Each structure stands twice: as structure tokens, then as C-alpha cells.
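In what follows, a structure is listed as C-alpha cells, so that the remarks can point back to it.
Every number here is computed from the coordinates shown, using simple stated rules; none is lab data. Remember, predicted model here, so these are calculated numbers, not experimental data. Don't worry about glycine lacking a Cβ; one is built from the backbone with ideal geometry, like all the others, and counts go over all protein chains shown.
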């Protein structure tokens, strides 16, 4: 097998991390059509996104300890095998209830990729280099939500919404094969007690009461929720409110993740020079300001797809700056339970994100206002969490991270 720092393994880590945006964004152009074909309403169709996020959130709490106990490799292979089977079930769903259930199990399998990728980066690169690597992965991953709606729009045009889920089946199958062939085990600190209920409770309690972990996790969570707010509401806002054809939806939607790529590249370039906390603070401030400017422009009569897109591009720049640095800063002090830390962070992140998606569906009133209001609220909450829980308590600048904790040596497997 190739070295863990090789290009091909990095590509696999990108694919594992990108599972979330690919799975949520590829079929976005199909949501309005899917709603009609399955004889349902906007709020119920929205559950195909929100239930996916709930399954994603709940599953993360076990994948981390599983990978701490048995290793990263077997967990991700089994997880993505389940993802592939569930994607087939989605493609052949005959009603909205079946599709929602299949989406839940698609999330249960697929979320292994995000948990394992974050923990593997911590295993391979150590606490201080992981923020830069996560930012680079984020820049590459940012192409997924930019490209997915383009591909999804054209698949929908020729094959309908079922074609998008067959494409996700192919994505899952390729990832399983790559993980089996090239992904060497990275966990060199396997913990035989990781699945012991008392040990799990002790680990999660230690994380949940660590102010540093809580502060960075909540900052990350609210910024992510702003992103998912847009993802959940964008197809209905662009297609139903502004009458954008499904095949042209990508023109507006795909411009926004390019902001994420810009933010991630900025983070990767500056993380060593200015430190993760300066980038987090700049990001949460920028996201708050750009989202509020968007709402102000709408209030002044400039309501339209261009206004929404420009505002959200700014928010995505903030997401690209904040997420890799807040994830790395939250997980850095825990080399022996990186999986558990990744799981708990993901649980909180996805739960709040799913809740935001449900709220967008329930409050949709035929305008863009509910989506933009919630997006702004999440950015303000992220800024507040960082200022009160990290900055005000003097917990920034990678304090309490051991300087002599190098990346775990991961030799190539025989």
C-alpha cells in the first residue's frame, strides 16, 4: 500500500470528507421535481436532507470509539459499504417515506468517512500540522458542492431524480474499493477500552466539560449550521422563488462553494504565520458582516438571486476559514481519543445543522427571508460562541497542546 502522506491517499481522504456535500448537493436540483413526483410538500421533501443530517449526527457518536478500538480502515470500509447499499435503496424508493428511511441509512454509513478522515489527519500529521492539512483538504473538498449541482442538474435533465442516487451509488462503490486497496491503518494507539460504556462515558464527559473543546466545537457548529441553512433552502429559493430552471440552478449555487475554496486556501496559506485563532476570529466576523449586508440589501429592495449569491459567497469564505481551524483546535489536545473527539464534535455539528434545515423547511413562505434570517443568526451565534468561550477565557493559540507530540509514525502496510 502507498505511504499515508501520498497523493492517492490524500485524494481518498478528500473523497471521504466530501461525502457529505456530494450526497446533499448532487440531488438539490431534483428536490422540487422529487416533491411533485412523490406527491408530497416542501417541508416533507426537506426531511430527505434533515433526516440525513440526523442520521449523520447520531452515527458519529459510535464511529469514533469504533475506530479508536478497531482502527480507521475496517470502520470506513464497512461504513461505506452500507452507504452504497442505502444509495441503491434511495434510487428505487417508491414513496417519500421510503426515501427518507433510505436517506437515514445512507447517512449512517457515509458519516464514517468524515469521522475517519478527521481522525486519520490527526494520526498522520500531528496536532500542529493538522489545521493546515485540513484547510488544504477543505479547499479541495470545496469543489464538491461547486461541481455536484452542475452534475446533478444535467443528470436530472436526462434521468430524473433517481439518476442522481444511482450516481451516489457509484461514488460509494468506488470509495469502498479505494479504501480496501490503498488505505493503510493510521491508528497506532488502539484503545481496547474505547467501546466500554464506562470508558466512552468518561471520554465524552471529559470532552464535554473541557471549555476549550466546547468553545471551538460550538464555534464550528454554528458556522456549519449557516452553511447547511443555505444548502437546505437554496433549491426552493432559486427555483421556486426566483424561477431559475433546475438545469441552471448550478450557476448560482456553485458560485457559493468557490468562496469556501478561497477561505480554505487563505487558511492553509496563513495558518503557520498568524495562527488558527486569528483566522477563526476573522472568519466569524466576516461571515456575520456579509450575511447582515445581504439582509440589509434585501430590505432596501435589492431582493434577487444575485444578492443572495453574493452574500452567501462571503459566508462560505468564512466557513472555509473557520471550520478547519476550529476542528483542528478542538481535537488537537487528544491524540489517544481523536476518534471520540471527532465523533462528539460531529454529533453537535450535525444535530444543530439538521435542526436548522428543518426550521428552513417549516418556515419557508415563498420568499428568501426565512433562509437569510437563519443564516445570519447562525453566523452571529458562531461569533458570540468564540468571543465568550475562547477569546474571553484566554484559551486561544493552541494552549495545552503538547509541543512534543509529533504526528504518529504510519509506515506503509506490507
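Some observations on this one:
- Label-point separation, residue 159 to residue 43 (7 Å along Cα→Cβ), nm: 3.4
- Note on segment 70-130: Rg/Rh from Cα positions, Kirkwood definition for Rh, rounded to two decimals, is 1.17.
- Per-residue Cβ neighbour counts within 10 Å put 36, 186, 175 in the sequence 36, 186, 175, beginning with the fewest.
- Cα-based radius of gyration of the chain once divided by 2.2 N^0.38 Å, which approximates compact folds: 0.92
- Spin-label proximity, residue 174 to segment 61-78 - amide N less than 20 Å from point 7 Å beyond Cα toward beta carbon: 76-78
- Available extension along the chain between residue 387 and residue 36 is 121.9 nm, counting 0.36 nm per residue and deducting the alpha carbon span.
- In this label model, residue 182 and residue 6 are separated by 0.8 nm, measuring between points 7 Å along each Cα→Cβ vector.
- Residue 272-residue 202 FRET efficiency (beta carbon distance; Förster radius 35 Å; 0.05 resolution): 0.50
- By the helix-only formula, in which each DSSP H run with n ≥ 4 contributes -39500 (n - 2.57) and the sum is divided by residues, the chain has a 222 nm mean residue ellipticity of -27000 deg cm²/dmol.
- Alpha-carbon centroids, segment 223-272 and segment 50-100: separation in whole Å: 24
- Fewest-first ranking of 180, 204, using other Cβ atoms within 10 Å as the exposure measure: 180, 204
- For segment 251-300, the square roots a ≥ b ≥ c of the C-alpha gyration tensor eigenvalues yield an a/c of 1.5 or more together with a/b not exceeding b/c, which makes the shape oblate.
- Spacing of the two label points (7 Å from each Cα toward its C-beta) at residue 362 and residue 94, in nm: 3.2
- Spherically averaged projected area in nm², based on the convex hull that wraps the Cα atoms of segment 1-106: 7.5
- Per-residue Cβ neighbour rank within 10 angstrom, fewest leading, 237, 289: 289, 237
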